[in-house]
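Let me begin by presenting the structure, written as structure tokens, before commenting on it.
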Amino acid sequence: MNIQKKKLLKSLQWGVPDDKDASNLVKRLQKYEEEYFRFIRYPIPPTNNPAEQTIRKVVLDRKVTQGTRSDWGNRWLERFWSIQTTCEQQGRNLLDYMTQTLVHYLRGTAAPSLIYS
């Protein structure tokens with residue numbers, strides 16, 4: 001991978017099209033070289049694909065439903081999607097968690113935590 005990185009960075013010195021976007025990309029690659037190629041030195045994935053997959057259903061839902069018409073509705077959906085994703089990541093049943101939360105609310109007690117201890 002280091003050999004490919006060196007080839008890429010060397011190729012940036014010549015043959016770059018006279019285009020604003022290409023020029024900006026070259027500048028970013030040169031300025032943030034360490035950040036762009038960190039995955040070569042450390043055991044991290046080269047993309048943020050897991051994060052993108054996590055928010056995909058939220059983006060699709062917002063696209064299909066056209067979102068809400070109020071800040072209150074937006075805040076509610078943000079919280080719900082966060083709870084839904086957290087339950088999914090933890091292997092918890094969303095309906096069970098929401099039911100427990102409602103029961104605790106009606107009893108005036110603290111909601112069950114989503115934070116693993």
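May I have the extent of the alpha carbons of the chain along their three principal axes, as whole Å values ordered from largest to smallest?
Here the spans come out as 69, 37, 20 Å, largest first.
Compute the longest continuous run of the chain that contains no exposed chymotrypsin sites (Phe, Trp or Tyr not before Pro); treat a site as exposed when its DSSP state is not H, G, I, E or B and it has at most 11 other Cβ atoms within 10 Å.
So the longest stretch without any such site is 33-115.
Mean shadow of the range 7-52, computed from the convex hull of its alpha carbons, in nm²? Provide the component values of the computation, followed by the final result.
Details: hull surface 16.7 nm².
Over all viewing directions, the range 7-52 projects a mean Cα-hull area of 4.2 nm².
When the accessible area of the chain is computed with all protein chains present and a 1.4 Å probe, what percentage of it is carbon and sulfur?
Ligands and nucleic acids excluded, carbon and sulfur give 56 percent.
On a full-extension model of 0.36 nm per residue, what is the gain between Ile115 and Gln89, subtracting their alpha-carbon distance, rounded to one decimal in nm?
8.2 nm
Suppose R0 equals 22 Å; then what is the FRET efficiency for Trp76 and His104 from their Cβ-Cβ distance, rounded to the nearest 0.05?
E between Trp76 and His104, to the nearest 0.05, is 0.75.
What residue among Ile40, Ile55, Ile83 shows peak mean-square fluctuation when the chain is described by a Gaussian network model with Cα springs under 10 Å?
Answer for the Gaussian network model of the chain: Ile40.
Build a GNM of the chain with springs between Cα atoms under 10 Å: which of Gly73, Gly91, Gly15 gets the top mean-square fluctuation?
Ranking Gly73, Gly91, Gly15 by mean-square fluctuation puts Gly15 first.
Could you work out how far helix 2-11 tilts from the main Cα principal axis of the chain, as a 0 to 90 degree angle to the nearest 10?
That helix lies at roughly 60 degrees to the long axis.
From largest to smallest, what semi-axes in whole angstrom does the range 54-117 give when each is the square root of 5 times an eigenvalue of its alpha carbon gyration tensor? List each step's numbers first, then the result.
Numbers: eigenvalues 111, 51, 16 Å².
With the √(5λ) rule applied to the range 54-117, the semi-axes are 24, 16, 9 Å.
When the chain is treated as a GNM, springs tying every alpha-carbon pair under 10 Å, which of Asp19, Asp71, Asp61 comes out with the largest mean-square fluctuation?
Among Asp19, Asp71, Asp61, the largest mean-square fluctuation in the Gaussian network model of the chain belongs to Asp19.
Per residue, how many Å² of accessible area does the chain show with a 1.4 Å probe? Walk me through the intermediate numbers first.
Values: 9930 Å² over 117 residues.
Spelled out: the 1.4 Å probe surface of the chain, per residue, equals 85 Å².
Can you tell me the orientation of helix 94-107 relative to the chain, as the angle in degrees between its alpha-carbon axis and the longest Cα principal axis, to the nearest 10?
Long axis of 94-107 versus the principal axis of the chain: about 50 degrees.
Per DSSP H run of n ≥ 4, the term is -39500 (n - 2.57); total these for the chain, divide by its residue number, and report the mean residue ellipticity at 222 nm rounded to 500 deg cm²/dmol.
On the way: 7 runs with 81 residues, N = 117.
Result for the chain, helices only: -21500 deg cm²/dmol.
For Leu12 and Arg41, compute 0.36 nm times the residue count separating them, minus their Cα-Cα distance, and round to one decimal in nm.
Fully extending the segment from Leu12 to Arg41 adds 8.3 nm.
The values are calculated or read from the model by the stated rules, or taken from the named source; none is laboratory data. What you are looking at is a predicted structure, and each value in this text was computed from that prediction instead of being measured. As a convention, Cβ positions derive from the backbone with ideal geometry for all residues, glycine included, and neighbour counts pool all protein chains shown. Please note that ligands, DNA and RNA were not included when accessible areas were found on the heavy atoms of the full protein model with its side chains. Shrake-Rupley method; radii C 1.70, N 1.55, O 1.52, S 1.80 Å.
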